[in-house]
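After the structure tokens below, expect a handful of questions from me.
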Amino acid sequence: MGLRLFTFLCLFCLLGSCAAYRDYNDELRITNEQLAAGNVDEALYLLERHNPWDAKDLLYYLEKGELLRARGDLLASQGAWRTADRAVFQREDATDFDYGKLLAELGTMSINDKIRRYDGYDYEKVMLTTQMALNLLALRDFDGARVDIKKTHEREAQIAQLRDKEYLRLETQAREQGISLRYKDLQGYPVAILDAPEVLALKNGYQSAFSHYLAGFVYEALGERDLAAPGYRQAIELRPNTPFLEQALSNLGKPPESARGSDVLIIVQSGLAPARSSVRLPFPVQMQDGQTITSIVSFPILLPDTSTPRPGSISVDGRKQPLTQLNSITDMSLRTLRDDMPGIIQRTRWRATLNAQTQALDNKKHPEKAKYIVEAPFEQADTRTWRTLPDNTYVVRLRLKPGQHWLSLPLASASAPVTFTIDQPFQVISLRVIGNRIFPR
């Protein structure tokens, strides 16, 4: 009786929190509409309005850092992301028993996955330190960028270890419980998008060819060729048959064709990370007494961003330069969801069974009012994700003479050409494009 009372009180507390009701997808849709229109201050205002409580969560700092970056306030952006990075680090290194997390996990079994503490998806943790490095490179702080790049490598290694253990644990649990259900068996679920060739081609959902290429470029700029080569090689492994990457490795250590000039990396990040939405599907549960109760349950799906056409080229000083894509957050998100589905199915199956058992007991007590389809009031998939994160990352590497230059994107009709000055041996020029608008760094 004591345990049942404790469980009831726990669930009551969870339902009293905003997590069970919050529609994060809708909040960020409105925020991103303002961002795409160039109203960055209004987007920041909406972010604050949707997060009125004193204890801000990880997502708040992730979103705020990207919005401040779009406004050009790189130091404030870096401050927000440092806070997010500390939160990620503390959770990665946590060894003490976390009662709050246990309570949230209990809530996922009874209410929905939105109750879970948001620790960030693996690709978000990797892209966090990558974006932080880009901020520092825009400030011409290559040494500082090197620190965040090193942190990215360490985080990737830790994620690989944790994921191997997690997937093994889920496989073992499924085997012991006799669970053979896979996402391909879910009636009405859009399986094709998770099995797209570009998703299956990824080694995993968190390693980015762009992050590793950027590491190689920074190490090369700092004269650390022994570290630059592994960065370029890893990028090639993650995105094979890409001449741009192969050329970077083959040119490493060679004297430049033009002694006078700078090695300039131009980075174009376009669009927005995909939205997470919730789809309701029937989940039949066979009861021991012969009843079959269909629980209506929810699973997450991804909705790719369509705000921004993919740029094929960029114009630098009036000359067209082809862009090479090195990263797609949409593909990484889909691969992550694909890999996470076994755990999502296990938690959802538990809730479906619990709801079906409750309905089956009620059917026995009141056979004249028997129902064989049940839908829990709080049954929703978790729609939280870092929505302001750029989707696609493109690059071009050029030798440019010292002095002032200008560039433009054909699709960015709402923005004037961007001017920039070259005065260092190695430089990084970074642009953000949303819709037809450029946000220069």
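Any residue at all in the range 177-187 that is part of a helix (DSSP H, G or I), exposed (fewer than 12 other Cβ atoms within 10 Å of the Cβ), of a type in the set (Gly, Ala, Ser) and modelled with pLDDT under 95?
No.
Does residue 207 satisfy the criteria of being under 25 Å from residue 160 (Cβ atoms) and assigned to a helix (DSSP H, G or I)?
So residue 207 fails the test.
Cβ-Cβ below 6 Å, separation at least six or inter-chain, first residue in the range 398-413 and within 12 Å of residue 320 (Cβ to Cβ) and in contact (Cβ under 8 Å) with a residue 12 or more places away in the chain, second surrounded by fewer than 18 Cβ atoms within 10 Å (Cβ to Cβ) and of a type in the set (Ser, Thr, Tyr): which pairs?
408/315
Here's a follow-up. Can you tell me which residues in the range 414-441 are aromatic (Phe, Trp, Tyr) and free of Cβ contacts under 8 Å to residues at least 40 places away in the same chain?
Correct list: 420 only.
Pull up the range 387-434, narrow it to residues that are surrounded by fewer than 14 Cβ atoms within 10 Å (Cβ to Cβ) and of a type in the set (Ser, Thr, Tyr), then point me to the one that is nearest to the chain's Cα centre (by Cα).
Going through the qualifying residues, I end up with 413.
Just one of (1) of a type in the set (Gly, Ala, Ser); (2) within 28 Å of the chain's Cα centre (by Cα); (3) modelled with pLDDT under 95 trips up residue 271, so point out which.
Single failed check for residue 271: (3).
Pick from the range 35-68 the residues that are outside any helix (DSSP H, G or I) and surrounded by 15 or more Cβ atoms within 10 Å (Cβ to Cβ): which of them is farthest from the chain's Cα centre (by Cα)?
Ranking the candidates gives 38 first.
Right, residue 240: within 26 Å of residue 389 (Cα to Cα), free of Cβ contacts under 8 Å to residues at least 60 places away in the same chain and either crowded, with 19+ Cβ neighbours inside 10 Å or out of contact with any Pro (no Cβ under 6 Å at 6 or more places or on another chain) (or both) or not?
yes
Please give the number of the condition residue 376 fails out of (1) surrounded by 15 or more Cβ atoms within 10 Å (Cβ to Cβ); (2) within 33 Å of the chain's Cα centre (by Cα); (3) modelled with pLDDT of 90 or more; (4) among the small types (Gly, Ala, Ser).
(3)
Any residue in the range 192-211 that is under 26 Å from residue 426 (Cα atoms), surrounded by 18 or more Cβ atoms within 10 Å (Cβ to Cβ), in contact (Cβ under 8 Å) with a residue 12 or more places away in the chain and of a type outside the set (S, T, N, Q)?
yes
Being assigned to a loop (DSSP other than H, G, I, E, B) and among the hydrophobic types (A, V, I, L, M, F, W, C) is the filter; apply it to the range 240-265 and report the residue that is modelled with the highest pLDDT.
Of everything passing the filter in the range 240-265, 252 is modelled with the highest pLDDT.
Name the pairs: first residue in the range 316-327 and farther than 13 Å from residue 269 by Cβ and in contact (Cβ under 8 Å) with a residue 24 or more places away in the chain, second residue β-branched (Val, Ile, Thr) and assigned to a strand (DSSP E or B), Cβ to Cβ under 6 Å, at least 6 apart or on different chains?
Short answer, once both residue conditions are applied: 321/314; 321/396; 324/395.
Pull out all pairs, ordered by first then second residue, where Cβ-Cβ is under 6 Å, the residues are six or more apart or on different chains, the first lies in the range 126-138 and is within 17 Å of residue 424 (Cβ to Cβ), and the second is outside any helix (DSSP H, G or I) and charged (D, E, K, R).
138/441
Could you go through the range 289-303 and let me know if any residue there is modelled with pLDDT of 95 or more, within 25 Å of the chain's Cα centre (by Cα), crowded, with 18+ Cβ neighbours inside 10 Å and not in a strand (DSSP E or B).
Looking for residues that are modelled with pLDDT of 95 or more, within 25 Å of the chain's Cα centre (by Cα), crowded, with 18+ Cβ neighbours inside 10 Å and not in a strand (DSSP E or B), one finds none in the range 289-303, hence no.
When you look at residue 391, is it in contact with a helix residue (DSSP H, G or I) (Cβ under 6 Å, 6 or more places away or on another chain) and among the acidic types (Asp, Glu), yes or no?
Criteria met by residue 391.
One line per residue, one yes/no per condition, for (1) within 30 Å of residue 380 (Cβ to Cβ); (2) surrounded by fewer than 20 Cβ atoms within 10 Å (Cβ to Cβ):
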| residue | (1), (2) |
| --- | --- |
| 226 | no, yes |
| 248 | no, no |
| 251 | no, yes |
| 274 | yes, no |
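The values are calculated or read from the model by the stated rules, or taken from the named source; none is laboratory data. In this text the structure is predicted, and so the values were computed from the model without any measurement. Glycine also receives a Cβ, built like all others from the backbone with ideal geometry; neighbour counts cover every protein chain displayed.
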